[in-house]
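To keep things clear, I will list the structure first and then write my remarks on it.
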Amino acid sequence: MSKVIAVFGAGTGLGASVARRFGREGFRVALVARRKAPLDALAEELAGEGVEAVAFTADLSRPAEVPALVGAIRDRFGRIDVAAYGPISGDQGFTPAAELDAATLQGLVPLLLLTPVEVVRALLPEWTERGDGAFLLAQGYSAARPMPHLSGLGPVMAATRNYLYSLNAELADKGIYAGALTVAALIARSEVTAKAQAAFEAADGPSHPVVDPDDLAEHYWNMYTERDRVEQFHPESLPPQAAA
């Protein structure tokens with residue numbers, strides 16, 4: 001039976017590239033996101049490229065619904081070998097630390113911290129029994145390096161990053177890998193990047209680097225197969241002291 005990757009947050013940028021990269025290796029793909037129409041369209045595109053893909057509509061800001069979601073994917077495919085989690089959308093944004101309040105953080109915690117923890121909990125029994133599995137997390141650079149005026153997302157992602165490091169250390173000898181892809185750029189072809197670039201242009205603000213999601217998907221594939229690092233930074237030229 002061929003392996004299965006579940007892409008949680010399967011948008012037009014990184015999610016689509018990850019689905020295609022693993023699909024080329026023979027993986028079947030479960031696509032998870034909130035909106036049915038674009039999700040179905042992506043599944044159809046992948047099918048046209050020879051990748052078996054099925055759409056599962058879900059709101060990932062509701063961690064209590066994760067067990068049922070994982071159960072539905074497993075019922076359809078029979079297994080889940082890899083979970084790729086990265087559902088950042090244009091609905092989330094940065095807040096200066098001096099303006100941050102509990103309500104803002106509370107709104108970010110379910111999607112960025114609680115749901116990834118629940119995804120792992122739902123998959124661990126299967127992975128432990130099989131002696132193999134992988135959880136891949138995409139996050140922004142502010143998770144690793146706090147930056148003035150770019151708070152809110154960073155503190156919550158930093159908590160998830162902390163969890164991921166501990167998780168990998170605890171499970172590596174059981175054949176289970178957990179890794180984070182930390183990106184210091186906007187991602188091409190994503191809705192988030194389109195909105196951000198429009199906002200920067202309207203405000204006559206600074207330009208920001210944009211990376212190809214295909215390059216990020218290649219990182220994911222290498223992380224999954226090599227399992228020799230907990231965290232991969234992109235661009236790779238980021239100095240180690242800045243990444244600490």
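The values are calculated or read from the model by the stated rules, or taken from the named source; none is laboratory data. Keep in mind that what you see is a predicted model, and the values were worked out from it rather than measured. Don't worry about glycine lacking a Cβ; one is built from the backbone with ideal geometry, like all the others, and counts go over all protein chains shown. The protein model used for the area step is the full one, side chains on, heavy atoms only, and it has no ligands, DNA or RNA in it. Shrake-Rupley method; radii C 1.70, N 1.55, O 1.52, S 1.80 Å.
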Check your understanding: What about Tyr177, is it aromatic (Phe, Trp, Tyr), at pLDDT 95 or above and open to solvent by less than 20 Å² (accessible area, probe 1.4 Å)?
Key -> yes
Revision key, fill the gap. Listed by first then second residue, the pairs whose first member lies in segment 220-244 and is at pLDDT below 95, whose partner is assigned to a helix (DSSP H, G or I) and among the acidic types (Asp, Glu), with beta carbons under 8 Å and at least 6 positions apart or on separate chains, are His234/Asp215
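Results for (1) within 22 Å of Glu65 (Cα to Cα); (2) surrounded by fewer than 22 Cβ atoms within 10 Å (Cβ to Cβ); (3) within 20 Å of the chain's Cα centre (by Cα); (4) free of Cβ contacts under 8 Å to residues at least 60 places away in the same chain, shown as yes or no for each residue.
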site: Leu105; (1), (2), (3), (4): yes, yes, yes, yes
site: Val109; (1), (2), (3), (4): yes, yes, yes, yes
site: Val119; (1), (2), (3), (4): yes, no, yes, no
site: Trp127; (1), (2), (3), (4): yes, no, yes, yes
site: Arg130; (1), (2), (3), (4): no, yes, no, yes
site: Ala144; (1), (2), (3), (4): no, yes, yes, no
site: Leu150; (1), (2), (3), (4): no, yes, yes, yes
site: Pro155; (1), (2), (3), (4): no, yes, yes, yes
site: Ala159; (1), (2), (3), (4): yes, yes, yes, yes
Review point. Does segment 132-142 hold any residues that are among the aromatic types (Phe, Trp, Tyr) and buried (at least 22 other Cβ atoms within 10 Å of the Cβ), and which are they?
Key: Phe135
Study note, to complete from the structure: Residues in segment 38-81 that are within 30 Å of Gln106 (Cβ to Cβ), open to solvent by less than 40 Å² (accessible area, probe 1.4 Å) and β-branched (Val, Ile, Thr) total 4
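Yes/no per residue for (1) assigned to a helix (DSSP H, G or I); (2) out of contact with any helix residue (DSSP H, G or I) (no Cβ under 8 Å at 6 or more places or on another chain):
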site	(1), (2)
Phe22	yes, no
Gly26	no, yes
Val29	no, no
Pro38	yes, yes
Arg74	yes, no
Practice item. Kindly provide the set of residues from segment 1-30 that are closer than 17 Å to Leu123 by Cα and among the polar types (S, T, N, Q), ordered by number. Key: none
Practice item. Would you check if Leu164 is in a strand (DSSP E or B), open to solvent by less than 20 Å² (accessible area, probe 1.4 Å) and not acidic (Asp, Glu)? Key: no
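Looking at segment 102-156 only, could you name the residues that are among the acidic types (Asp, Glu), assigned to a helix (DSSP H, G or I) and more than 18 Å from Ala180 (Cβ to Cβ)? Spell out the reasoning first.
Initial filter on segment 102-156 (among the acidic types (Asp, Glu)): 118, 126, 129, 132.
Next cut, assigned to a helix (DSSP H, G or I) only: 118, 126, 129.
Glu126, Glu129, listed by residue number.
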Exercise for review: Report whether or not Phe22 is closer than 23 Å to Val109 by Cβ, surrounded by 19 or more Cβ atoms within 10 Å (Cβ to Cβ) and in contact with a strand residue (DSSP E or B) (Cβ under 6 Å, 6 or more places away or on another chain).
Suggested key: no
**Study point:** Which numbered condition Ala98 misses (of (1) closer than 26 Å to Pro209 by Cβ; (2) at pLDDT below 95)
**Key:** (1)
